[in-house]
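One structure below.
The values are calculated or read from the model by the stated rules, or taken from the named source; none is laboratory data. Quick caveat: nothing in here was measured; it's all calculated off a predicted structure. Virtual Cβ from ideal backbone geometry, glycine too; neighbours counted across all protein chains shown.
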Amino acid sequence: MPILGGVLSEESVQETISPSTIARGIVENVSRVIVGKTGVIEQALAALMARGHLLVEDVPGVGKTMLAKSLATSIGCQFRRIQFTPDLLPSDIAGLSVYNQATGEFEFRPGPIMSEVVLADEINRATPKTQSALLEAMEELQVTVDGATHFLQHPFVVVATQNPIEYEGTFPLPEAQLDRFLMRISIGYPDFDEEISVIDQQEQVHPIENLEAAATPADIIALQNACTDVYVDRAVREYIVGLTDATRHHRDVALGASPRASLGLFRAVRAMAILKERDYVIPDDVKDLAVPVTAHRVILSPSARMRGVRATDVITDLLNTVAVPGAAR
């Protein structure tokens, strides 16, 4: 555990190192693999700290899978990858009961969902029935197989990926599934110098091969608990709810964001405050996370889609029009 020093006990580490220091160390560690995308890494870690799940939507080859893998390695968590395909079954995710002839009883064989960091790669290539196998796990942190409930490990996060340009043979995620993801983010292309750095780094070996843990699962649980102590002023709370409510009255929106969006944004900004080395939330935290937390929860009207309006455009418009309560004009 490089960042935390090696000679201190776990109890003394948690007493001497602040949550912000641990969080920044994780971000810096992941940045050794995902070059030049500090903001994206912060959003991914904020989702984990807020006990949420992450949907990464971007074109092939920008590092979606590597983001999940490097994050899992950096926090010392068990990582499992599920390649979603049209023939994938729910039992391939949650597990199944197998009859043991020696004991004469059925035994539960856990599926890959019984891990701490689960990568659902190309999630929209599986059928809706298989996609729905994730709902219980993501919301209630448990799976039910043959009437028996099995609880998941902590911390637990699903990092799902999907390609926004290839729709042949895919099944778009239903709104109920999208709503389970705290954030939807994209990584984007690196700039020229960053791409040169990527080539230089991988000249001999991929940096993920030498990546070590910068924290432990216990540190992540401590970070999640620390988020509950971050102060959120009444004006910021009203700003969060005001943005969510405004989506329900926008001219281009057929169905606005639900109260789950407000709760998700509230949890996410507390995590981001820790990443910014603060114990309180400011309106800029809300502005930074409003698009990744809220945009995928908004259903546009048919006329808006025909005009090429995107959900991100709607949230950006609201950020420019909804005033922060209590702020000066």
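Here Ile113 qualifies as more than 21 Å from Ala46 (Cβ to Cβ) and surrounded by 17 or more Cβ atoms within 10 Å (Cβ to Cβ).
Looking at this structure, is Val269 farther than 21 Å from Gln43 by Cβ, buried (at least 19 other Cβ atoms within 10 Å of the Cβ), of a type in the set (A, V, I, L, M, F, W, C) and not assigned by TED's automatic domain parsing to the domain that holds Ile22? No; evaluated as a whole, the condition is false for this residue.
Return the residues of the range 168-193 that are of a type in the set (S, T, N, Q) and more than 27 Å from Pro259 (Cβ to Cβ); say none if nothing qualifies. Residue satisfying the conditions is Thr170 alone. Looking at Ile220, is it free of Cβ contacts under 8 Å to residues at least 40 places away in the same chain and more than 22 Å from Ile123 (Cβ to Cβ)? No, not satisfied. Counting only helices (runs of 4 or more DSSP H) wholly contained in the range 202-311, the ones carrying 2 or more residues that are polar (S, T, N, Q) occupy 217-227, 234-247.
In the condition set (1) touching a strand residue (DSSP E or B) at 6+ places or on another chain (Cβ under 9 Å); (2) buried (at least 18 other Cβ atoms within 10 Å of the Cβ), Pro302 is compliant with all but (2).
Residues checked against (1) part of a strand (DSSP E or B); (2) over 27 Å from Ala226 (Cα atoms):
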{"site": "Gly36", "(1), (2)": "no, yes"}
{"site": "Ile41", "(1), (2)": "no, no"}
{"site": "Thr65", "(1), (2)": "no, yes"}
{"site": "Ala72", "(1), (2)": "no, no"}
{"site": "Cys77", "(1), (2)": "no, no"}
{"site": "Arg81", "(1), (2)": "yes, yes"}
{"site": "Asp87", "(1), (2)": "no, yes"}
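Each residue in the range 271-318 was checked for being free of Cβ contacts under 8 Å to residues at least 40 places away in the same chain and at positive phi, and 1 pass.
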